[in-house]
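Presented below is the structure to which this report refers.
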Amino acid sequence: VTAVFGTCGGGMGVMASLSDFTFMAEDGKLFVNAPNTLDGNRAEKCDTASAAYQAEVSGMADYTGTEEEVLAGIRQLVSVLPMNNDDFAEEQCADDLNRVCENLADCVGDTEIALENLADAGTFFEIKKAYAKNMVTGFMKLNGITVGAVANRAAVYDEEGKAEELGTALTAEGCEKAADFVNFCDAFSIPVLTLTNVTGFAATVESEKNMASAVAKLTYVFANATVPKVNVIVGKAFGSAYVSMNSKSIGADLVYAWPTAEIGMMDASMAAKIMYPGSEASVINEKAAEYRELQSSVESAAARGYVDTVIAPVDTRKYVIGAFEMLFTKREDRPAKKHGTV
């Protein structure tokens, strides 16, 4: 863990990046090349060394705040991390293991709120909160055991209840953020929980630069991880984007789904338009309803073995805890090799 309270430049900026987690005070500076040394740039134009830039744009800073907040954040992080890959960072759980999570179904959009509701005592420590907001990563306790959480987030609600819409498409930044986090969890034998609500990939010229490689990295990391992996489909799970989000196809141990979930290759309305081009709206709606029932419904996915159990949102906590208890002794022996190349 690296904490930056002043100026951390040049080679020391590289040293900070070698850490598992980087914390920055709001007035700290982190850079390899100072803003004023970059052609066409000055700190007044774009302060590439600032904590805000490193947290929101580069994703280098995992946590920012005042000096007191940074120190408190470090203490909170260290308190949930295991000492090594043989330690479970276990503590006594005072929360009800069968606690009903009221209104959890309303948290499909902002899954950070859902994770707080699921966690012991409602405590969830988010990592890289300001970067790639459409993907949530962080640590929580379930029955006193540290679990790493990864979740798609379609909206962020502020204190006044206003929503910032983020959409349900995977972004390259979100995939890389999740992949790095899952890779850390696997290194320290921390179980991984995912909440899935994804419909495809972000379609912009900028995202096309590294979208394929970022999704490939996310897919590889989930498939390569040997820790217990549990997935809860809380919204939509469409196409290759869902495959990459800890699906059963790439090694999820248990997959749960809420009754309102949709699982398939694509949205039913889009599929109907492809299959019945030029048809009237009434025909498209009718065929979309048929497609949704036969191909995208949670019952259809369960019948095909893509989902292990359909659960009520209010019962999610007890099902997830039960899953990780069952997987507590999971061990996977892989063929001896040096390392992967993705």
Task: Solvent accessible area, Å² - S300, 1.4 Å probe, full protein context - done: 10 Å²
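Rank T309, T37 by accessible area, highest first, at a 1.4 Å probe radius?
Working: T309 50, T37 90 Å².
The ranking, largest first, comes out as T37, T309.
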Open item on the list: Given a 10 angstrom Cα cut-off, can you work out which residue in P228, P313, P277 is the most mobile in a GNM of the chain?
Closed with: P277
Open item on the list: If you average the alpha carbon positions of the range 297-332 and of the range 1-70, how far apart do those two centres end up, in angstrom?
Closed with: 40 Å
Task: Proximal lysines to K45, defined as alpha-carbon separation beneath 20 angstrom and excluding residues fewer than eight positions away on the same chain - done: K29
TODO: Would you tally the net charge around E91, using a Cβ to Cβ cut-off of less than 12 Å, leaving E91 out, and scoring K and R as +1, D and E as -1?
DONE: -3
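Counting each DSSP H run of 4 or more residues in the chain as -39500 (n - 2.57), what helix-only mean residue ellipticity at 222 nm follows after dividing by all residues, to the nearest 500 deg cm²/dmol? Intermediate results must be reported in sequence, preceding the final value.
Working: 11 runs with 107 residues, N = 342.
It comes out at -9000 deg cm²/dmol, rounded to the nearest 500.
Determine, for each peptide in 231-240, 69-78, 109-118, the mean count of other beta carbons within 10 angstrom over its residues, then list the peptides with the highest first. Could the numbers behind the result be given before it?
Numbers: 231-240: 23.7, 69-78: 15.1, 109-118: 22.2.
The packing order, highest mean first, is 231-240, 109-118, 69-78.
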Task: Amide hydrogen neighbours beyond the local backbone of R99, cut-off 5 Å, H modeled - done: none
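Given contacts defined as C-alpha pairs under 8 Å and at least six residues apart, what's the relative contact order of the range 84-207, whole-number percent?
Values: 216 pairs, mean separation 31.6, N = 124.
The normalised contact order for the range 84-207 reaches 25 percent.
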Open item on the list: From the phi angles alone, apply the Karplus equation (6.51, -1.76, 1.60; θ = phi - 60°) to the range 47-53 and give each ³J(HN,Hα) in whole Hz, x where the residue is Gly or Pro.
Closed with: 7, 5, 9, 6, 5, 4, 5
Open item on the list: Amide H of I127 versus every other amide H placed in the peptide plane: which residues, excluding those fewer than 5 positions away on the same chain, fall under 5 Å?
Closed with: T137, G138, F139
TODO: Report in % the part of the accessible area of the chain that belongs to carbon and sulfur, leaving out ligands and nucleic acids; probe 1.4 Å.
DONE: 53 percent
Task: J(HN,Hα) series, the range 91-105, from Karplus relation 6.51 cos²θ - 1.76 cosθ + 1.60, nearest Hz, glycine and proline x - done: 9, 5, 9, 9, 7, 5, 5, 9, 4, 7, 9, 5, 6, 5, 5
Open item on the list: Given points 7 Å out from each Cα along the Cα-Cβ axis, report the A312 to V14 separation in nanometres with one decimal.
Closed with: 5.8 nm
Task: In sequence order, calculated HN-Hα J values of the range 2-12 (Karplus, 6.51, -1.76, 1.60; Hz; x Gly/Pro) - done: 10, 10, 10, 10, x, 9, 10, x, x, x, 5
Open item on the list: Given bins 10 angstrom wide, list per bin the percent of all Cα-Cα distances in the chain, short to long.
Closed with: 5, 23, 32, 24, 10, 4, 0
TODO: Taking amide H positions as placed in the peptide plane 1.01 Å from N, state which residues far from G200 in sequence (5 or more) or on other chains have amide H under 5 Å from it.
DONE: L170
- [ ] Measure nothing fancy, just the Cα-based angle from helix 172-187's long axis to the longest principal axis of the chain, in degrees from 0 to 90, nearest 10.
- [x] 80 degrees
Task: Heavy-atom surface of the chain, accessible at 1.4 Å and reported per residue (Å²) - done: 49 Å²
Task: Packing rank of 314-324, 201-211, where each peptide gets the mean count of other beta carbons within 10 Å, highest leading - done: 314-324, 201-211
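The values are calculated or read from the model by the stated rules, or taken from the named source; none is laboratory data. As the structure is a computational prediction, the values presented were derived from the model and not from experiment. Methodologically, a virtual Cβ is constructed for each residue, glycine included, from the backbone with ideal geometry; neighbour enumeration extends over all protein chains shown. Just the protein is used for accessible areas: all its heavy atoms, side chains included, with ligands, DNA and RNA removed. Shrake-Rupley method; radii C 1.70, N 1.55, O 1.52, S 1.80 Å.
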